[in-house]
Amino acid sequence: MRVLIVSQYFWPEHFRINDVAKTLLEKGIEVEVLTGKPNYPKGEKFSGYGSWGCRQEVHQGILINRLPMLARGKSALRLAANYFSFVISGLIFAPWMLRGKKFDVIFIYAPSPILQAIPAIFLGWLKGCPVVLWVQDLWPESLSATGYVQNRSLLNGVEKVVRFIYRHVDMLLVQSKAFTPLVSTLAPGMPVVYYPNSVDESFAIPTTEEVPHVSGLDAGFSVVFAGNIGVAQAVDVIVDAAFLLKEYSDIHFVVLGEGSRWEWMKQETQKRELNNLHLPGRFPVETMPGFMQKASVLLVTLADQEIFKATIPNKVQAYMAVGRPILACMNGEGARLVTEADAGLAVPAENAKALAEAVLQLFKMTPVERARLGANGQRYFKANFDHERLTDKLIEHFRKISEPDRDN
């Protein structure tokens, strides 16, 4: 089976699709990738890559076709230019880069922007092969919730584009069960299948390698947040909870990562004299399992927006795999998973008082009680989000859509 993966993001950027592509190849699937020039998350091109020109390279046995693409920069205008440049380049250059090649399936990995599906759909038509779309974010809702787009007419226009995309693929995979009715509303009659995210097996394996020293992580009780620090994560609640717990010298909040709200958090930390809130910045992704395994509790937050009730941040699976207690300050599906797995505590989104009280509750537990919560999460992960098992399921989806008469 030959599969073309279309994703605006790919190695050396760190996204889930990297591990999926690698494991598909290991399982005998011929994999090729169509992507852009790496520039996430800082919005600047990685060293050795320019904005212009097509390029091919091989990584871990996978042929990567790179399209010309503008870097995302720091502004909403630059971000929009980044999105549209990938679509335009895909429509113009991808047919030429992939000329003469046949594929059994085109697989779209679709975090924002879902617009990247447009050139993939065009390629599916040219190549005469089915297209599978893996929906990671819901558009237009996520655009509105994160504040990038507020104009109602523009959001309505985006919804029409999303309807077009959903109707012109052959299978829709969704990362959260709660996505299913929302996606089905825009794609009546289309097959919508729950297919969750996983994480690399390194998160579930105890690491023996040393990680860089980070203040607050090695002493006392550490509450660790890892990932993007942006509007969607509602990191204000972390600052407020840290302020409420200033008097507890043994409790430390450690926020690993960068994003649009990192500078604001730094300023608030200084202004409020929060010695219990540490912002060491971003570290290589390969160090994350080590950092997480040293945490007393792992924290995940999301904004109090209707759309985020349906969203499961990928860090939930990573936290479960690590085997540490989870504190979910969010509403909906992600909080439900933590509660269902008995892997930690869940409190309402953006509720600093409830978050502080939950931190204290976990702080006062015995190490044995906290270990039980972590072990519960790890068991739940292995039963529901195991990477190898999910990859086998993905291959079955590919075979089903590319060989519809196989079972007849």
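Please name all residue pairs, on different chains or six or more residues apart, with Cβ atoms under 6 Å, provided the first residue is in segment 299-313 and is surrounded by fewer than 20 Cβ atoms within 10 Å (Cβ to Cβ) and the second residue is of a type in the set (Asp, Glu).
Filtered contacts from segment 299-313: 304/350.
Residues are listed down the side, and each one gets a yes or a no for (1) crowded, with 18+ Cβ neighbours inside 10 Å; (2) part of a helix (DSSP H, G or I):
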{"position": "3", "(1), (2)": "yes, no"}
{"position": "23", "(1), (2)": "yes, yes"}
{"position": "28", "(1), (2)": "no, no"}
{"position": "34", "(1), (2)": "yes, no"}
{"position": "43", "(1), (2)": "no, no"}
{"position": "50", "(1), (2)": "no, no"}
{"position": "53", "(1), (2)": "no, no"}
{"position": "57", "(1), (2)": "no, no"}
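Considering only residues of segment 279-296 that are open to solvent by 30 Å² or more (accessible area, probe 1.4 Å) and under 18 Å from residue 262 (Cβ atoms), which is nearest to the chain's Cα centre (by Cα)?
285
Does segment 97-107 include one or more residues that are part of a helix (DSSP H, G or I), touching a residue at least 24 places away in the same chain (Cβ under 8 Å) and farther than 18 Å from residue 166 by Cα? Break it down into steps so the answer makes sense when it comes.
To start, the set of residues in segment 97-107 that are part of a helix (DSSP H, G or I) comprises 97.
Subset that is touching a residue at least 24 places away in the same chain (Cβ under 8 Å): 97.
Those still in the list that are farther than 18 Å from residue 166 by Cα too: 97.
Looking through segment 97-107, at least one residue is part of a helix (DSSP H, G or I), touching a residue at least 24 places away in the same chain (Cβ under 8 Å) and farther than 18 Å from residue 166 by Cα.
Please specify each residue of segment 259-278 satisfying the condition of being outside any helix (DSSP H, G or I), among the polar types (S, T, N, Q) and crowded, with 16+ Cβ neighbours inside 10 Å. Give the steps one after another, and end with the answer.
Taking segment 259-278 first, the residues outside any helix (DSSP H, G or I) are 259-261, 272-278.
In the following step, the residues that additionally are among the polar types (S, T, N, Q) were identified as 260, 275-276.
Correct list: 260, 276.
Being part of a loop (DSSP other than H, G, I, E, B), closer than 28 Å to residue 332 by Cα and touching a Lys or Arg at 6+ places or on another chain (Cβ under 8 Å) narrows it down to one of 222, 176, 198, so name that one. It would help to see each step written out before you state the result.
Working: 222 fails: part of a loop (DSSP other than H, G, I, E, B); 176 fails: touching a Lys or Arg at 6+ places or on another chain (Cβ under 8 Å).
Going through 222, 176, 198 in turn, the sole match is 198.
Scan segment 340-362 and give yes if some residue there is touching a residue at least 40 places away in the same chain (Cβ under 8 Å), polar (S, T, N, Q) and open to solvent by less than 40 Å² (accessible area, probe 1.4 Å), otherwise no.
No, every residue in segment 340-362 fails to be touching a residue at least 40 places away in the same chain (Cβ under 8 Å), polar (S, T, N, Q) and open to solvent by less than 40 Å² (accessible area, probe 1.4 Å).
Which residue, of 256, 244, is touching a residue at least 12 places away in the same chain (Cβ under 8 Å), surrounded by fewer than 17 Cβ atoms within 10 Å (Cβ to Cβ) and of a type outside the set (Lys, Arg)?
Working: 256 fails: surrounded by fewer than 17 Cβ atoms within 10 Å (Cβ to Cβ).
Criteria check complete, one pass: 244.
Within segment 194-216, which residues are open to solvent by 30 Å² or more (accessible area, probe 1.4 Å), under 18 Å from the mean Cα position of the chain (by Cα) and at pLDDT 90 or above?
Scanning segment 194-216 gives a single hit, 194.
Can we say residue 391 is open to solvent by 40 Å² or more (accessible area, probe 1.4 Å), at pLDDT 95 or above and not small (Gly, Ala, Ser)?
Working: open to solvent by 40 Å² or more (accessible area, probe 1.4 Å): no; at pLDDT 95 or above: yes; not small (Gly, Ala, Ser): yes.
When the stated conditions are applied, residue 391 does not pass them.
Tell me, which helices (runs of 4 or more DSSP H) lie completely within segment 288-344 with 1 or more residues that are β-branched (Val, Ile, Thr)? I'd like the intermediate steps shown before the answer.
On the way: elements: 288-294, 314-322, 333-341.
Those helices (runs of 4 or more DSSP H) span 314-322, 333-341.
The values are calculated or read from the model by the stated rules, or taken from the named source; none is laboratory data. Bear in mind the structure is a predicted one, so any value in this text is a computation, not a measurement. Glycine gets a Cβ as well: all are built from the backbone with ideal geometry, and neighbour counts include every protein chain shown. Heads up: the accessible areas ignore ligands, DNA and RNA and are worked out on the full protein's heavy atoms, side chains in. Shrake-Rupley method; radii C 1.70, N 1.55, O 1.52, S 1.80 Å.
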